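The values are calculated or read from the model by the stated rules, or taken from the named source; none is laboratory data. Not measured: the values here are computed from a predicted model. Positions of Cβ are generated from backbone atoms using ideal geometry, with glycine treated the same way; all protein chains shown enter the neighbour counts. These accessible areas exclude ligands, DNA and RNA; they are computed on the full protein's heavy atoms, side chains included. Shrake-Rupley method; radii C 1.70, N 1.55, O 1.52, S 1.80 Å.
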Amino acid sequence: DLDSLRKQQEVFDGCALKKTATNLVFSDGNAESKVMLIGEAPGEEEDKTGKPFKGQAGKLLDKMLDAIGQNRDNTYITNLIFWRPPGNRNPSVEEIDACLPFVLRHIELINPKILILAGAIAAKAILKENNKGIIQLRGKWQNFSLNKATIIKTMPIYHPSFLLRQPSRKRDAWEDLKKIKKEIDLIT
Ligand code: URA
């Protein structure tokens, strides 16, 4: 269950980021939710608080979710990487590979109907999209095969940190959120 997954992550020594991080950032939100969002990696605030999306990007994420009737009571939020990369650098391929099995198990335990992948790094790692960038991936539904029995409707979106740097992309992000809202309305 989720408690054992968290414990396994806490004792996992296969990712060097643990040495420099303060806290494991496991998740936030409602584990019963049918909507799950996966971000990239903890930053400074997340490392301090042990919760995902607590800094500036988190504030924007909360606004984005709010625009489609979602929040931390009806959405489950985690990250691809559960320890903060020093100075917020991008996680390495090795770090992603080390964390990925835990993330896949996390998805399995939550068993969402809708999976939102925020940003290029989470989208590419989870969907195994090595040749497409986030501009091509965003806003398009994919059937993500978690295992033989489980296919999850999955949509990559722009990461809120990216939108903070490139506000002109917010218009596209809004279109993507509307598509997600439509799908949420069908399952609730
Ligand atoms: N960015 C992320 O992708 N995740 C967080 O938890 C915070 C910032």
task: Please sort 130-140, 70-80 by packing, taking for each peptide the average over its residues of neighbouring beta carbons within 10 angstrom, highest first.
output: 70-80, 130-140
task: Order the peptides 98-106, 46-54, 112-120 from the highest to the lowest mean number of other Cβ atoms within 10 Å of their residues.
output: 112-120, 46-54, 98-106
message: So with the 1.4 Å probe, I'd like the accessible area per residue for the range 52-188, rounded to whole Å².
response: 50
- request: Find how many whole Å separate the alpha carbon centroid of the range 26-83 from the alpha carbon centroid of the range 101-175.
  value: 14
query: Of K7/K182; K19/K148; K124/K148; K48/K181, which pairs sit farther than 30 Å apart, going by alpha carbon to alpha carbon?
result: K7/K182; K19/K148; K48/K181
The chain - mean residue ellipticity at 222 nm from DSSP helices (-39,500 (n - 2.57) per run, n ≥ 4, rounded to 500): -13000 deg cm²/dmol
query: Can you give the convex hull volume per residue for the Cα atoms of the range 68-152, as a whole number of Å³?
result: 129
- request: Given the peptides 32-41, 173-182, 11-20, arrange them by the average over their residues of other C-beta atoms within 10 Å, most packed first.
  value: 32-41, 173-182, 11-20
- prompt: Going through the DSSP H helices of the chain, which span 27 Å or more along their own axis at the Cα atoms while scoring at least 0.5 as a mean Kyte-Doolittle hydropathy?
  reply: none
message: What three numbers, in Å, describe the spread of the alpha carbons of the range 87-130 along their principal axes, ordered from the longest?
response: 32, 22, 18
The range 27-158, accessible surface, carbon-and-sulfur percent (1.4 angstrom probe): 47
- line: Kirkwood calc, the range 110-184, C-alpha pairs only, radius in angstrom 12.7
task: Do me a favour and compute the ellipsoid semi-axes for the range 23-128 from its Cα gyration tensor, root of five times each eigenvalue, largest one first, whole Å.
output: 20, 17, 12
query: Per the Kirkwood formula on distinct C-alpha pairs, the Rh of the chain is how many angstrom?
result: 16.4
Heavy atoms of D185: accessible area, 1.4 Å probe, square angstrom to 10: 80
